[in-house]
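The values are calculated or read from the model by the stated rules, or taken from the named source; none is laboratory data. These numbers come from a predicted model, not from an experiment. In this analysis, Cβ positions are derived from the backbone assuming ideal geometry, glycine residues included, and neighbour counts consider all displayed protein chains. The accessibility values were calculated without ligands, DNA or RNA, using every heavy atom of the protein model including side chains. Shrake-Rupley method; radii C 1.70, N 1.55, O 1.52, S 1.80 Å.
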Amino acid sequence: VDQSYTVTLEHTFVTVTPKDNIPEGKQINPGKGSAVYPKGATPEALQHDVKRTINYVVVGGKDPAPASVHDKLNFEASALIDKVTGEVRSTKWSKNQDFKDVESP
């Protein structure tokens, strides 16, 4: 007797962060033919520093210029990776940040 079956396959996902230190090209699942982690899952892709430098210049004065001000903000993301295709499905970045106000002399 012929029988009919319905098979439903679903993709599963893994979330990676910079702390996972995943290199590009590493297999997601063990075994031959596995999808690999994309460039979008590497620590370099999932963290960014934004730097600010304020330099003061005194024109025509005898006093030395005030010291420069250096600030840095760090942003990190988590990426949702499709374990079947290796595609980045979504990326969620840390909250917005602002540099602190600097009162110039």
How do the pairs read when you match residues in segment 58-75 that are of a type outside the set (Gly, Ala, Ser) with residues anywhere that are surrounded by 12 or more Cβ atoms within 10 Å (Cβ to Cβ), using Cβ under 6 Å and keeping only pairs 6 or more apart or on different chains?
-> VAL58/ALA65; PRO66/TYR56; VAL69/ILE54; ASP71/ARG52; ASP71/PHE99; PHE75/HIS48; PHE75/TRP93; PHE75/SER94
Out of (1) open to solvent by 90 Å² or more (accessible area, probe 1.4 Å); (2) part of a loop (DSSP other than H, G, I, E, B), the one ALA67 does not meet is (1)
Top-ranked residue in segment 1-36 [being touching a strand residue (DSSP E or B) at 6+ places or on another chain (Cβ under 7 Å) and without any contact (Cβ under 8 Å) to a residue 60 or more places away in the chain; ranked as most open to solvent (accessible area, probe 1.4 Å)] | LYS26
How many residues of segment 60-100 are farther than 26 Å from ALA45 by Cα and aromatic (Phe, Trp, Tyr)? The answer is 0
Matching option when the condition is in contact with a His (Cβ under 9 Å, 6 or more places away or on another chain), surrounded by fewer than 13 Cβ atoms within 10 Å (Cβ to Cβ) and of a type in the set (D, E, K, R), among LYS51, LYS72, LYS39, LYS95 | LYS51
